[in-house]
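**Q** I have a structure I would like to understand better, so I am pasting it below and will then ask my questions one at a time.
The values are calculated or read from the model by the stated rules, or taken from the named source; none is laboratory data. Bear in mind that the values here come from a model prediction, so they are computed numbers and not experimental data. Neighbour counts run over all protein chains shown; Cβ positions are idealised from the backbone, glycine included.
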Amino acid sequence: MLRKLANNMRGVAAVEFAISLPLLVLMYMGGYATLDIIAANRRVTVATNMMTEMLSRDLPVSIITNGIPTAWTTTSVPHRMMWGAYTLSPYDMNQATEQITLLRVCNATHAYVVWTQGQSQTLKGSIMTPTTITTQSQLPNPLMIAGGPMPNSSFTPSASNVVPIPTGLATGSMIPTSPNTSNVCNNTAPSNAAATQVGTAGAYIYAGQINFTYVPPINFGFAAQIPMSDTIYISPRQP
């Protein structure tokens, strides 16, 4: 009887399937989670590009440098940032913060922060809130900086308003020169007539950034949240 039982092959496939099922399920869930992370990261890039492109086209530099009206900071800019955040769908908008910054190049690897604004929003974008982004990126922190070389206003530049930009972004005529050949980024003293003052020359660049906290649909216990971020630099479409 024991010999007969040992030679019985009935049910072997079922046993093998039962043994391999947990591994197959784990591989499927892991593959799904990995692809969803890649998709979310791509969404952040697309959303950042859309937001920056939209604001570089619809927000003229002259509006900012002449003293940006309250209507722009409370309505026009927040709505355009939110429209960019809509691109994150189907991921939650309330996990994202957006920032738009107008920079003015002062040397090949640095630029002066003329103006910046950021926000977060509710799940459906019905309420937008000015916010401060805590990040290790190149853009300034805190947000809502109201400064820059605006006419008819008291303005004192500071080295803290100079931030790094990617190498190769600013070339040729985009970089200002100073009569005494000094680095414009270091010229923060308005009384120095022999040097070009930082923030008064050089090409303008819009920098858009979105920070997003990805919450995996399947929690394997090692990554409850994954921070994602992207930054896009675009030349203004309007002077």
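**Q** List the residue pairs whose Cβ atoms are under 8 Å apart, where the first residue sits in the range 47-68 and is closer than 15 Å to GLN117 by Cβ, the second is polar (S, T, N, Q) and in a helix (DSSP H, G or I), and the two are 6 or more positions apart or on different chains.
**A** Filtered contacts from the range 47-68: ASP58/SER76; LEU59/SER76.
**Q** Please specify each residue of the range 55-68 satisfying the condition of being under 24 Å from SER126 (Cβ atoms) and out of contact with any strand residue (DSSP E or B) (no Cβ under 9 Å at 6 or more places or on another chain).
**A** Passing the criteria: only ASP58.
**Q** Out of all the residues in the range 82-105, which are surrounded by fewer than 24 Cβ atoms within 10 Å (Cβ to Cβ) and of a type in the set (Asp, Glu)?
**A** Selection gives ASP92 alone.
**Q** Between a residue in the range 160-184 that is touching a residue at least 40 places away in the same chain (Cβ under 8 Å) and buried (at least 17 other Cβ atoms within 10 Å of the Cβ) and any residue that is part of a helix (DSSP H, G or I) and of a type outside the set (Lys, Arg), which pairs come within a Cβ distance under 6 Å, given they are 6 or more apart or on different chains?
**A** So the pair list comes out as VAL162/CYS185; PRO176/VAL184.
**Q** Quick test for you: out of ILE234, ILE210, pick the one residue that is at pLDDT 90 or above and crowded, with 18+ Cβ neighbours inside 10 Å.
**A** Step by step, each of ILE234, ILE210 is checked, and only ILE210 is at pLDDT 90 or above and crowded, with 18+ Cβ neighbours inside 10 Å.
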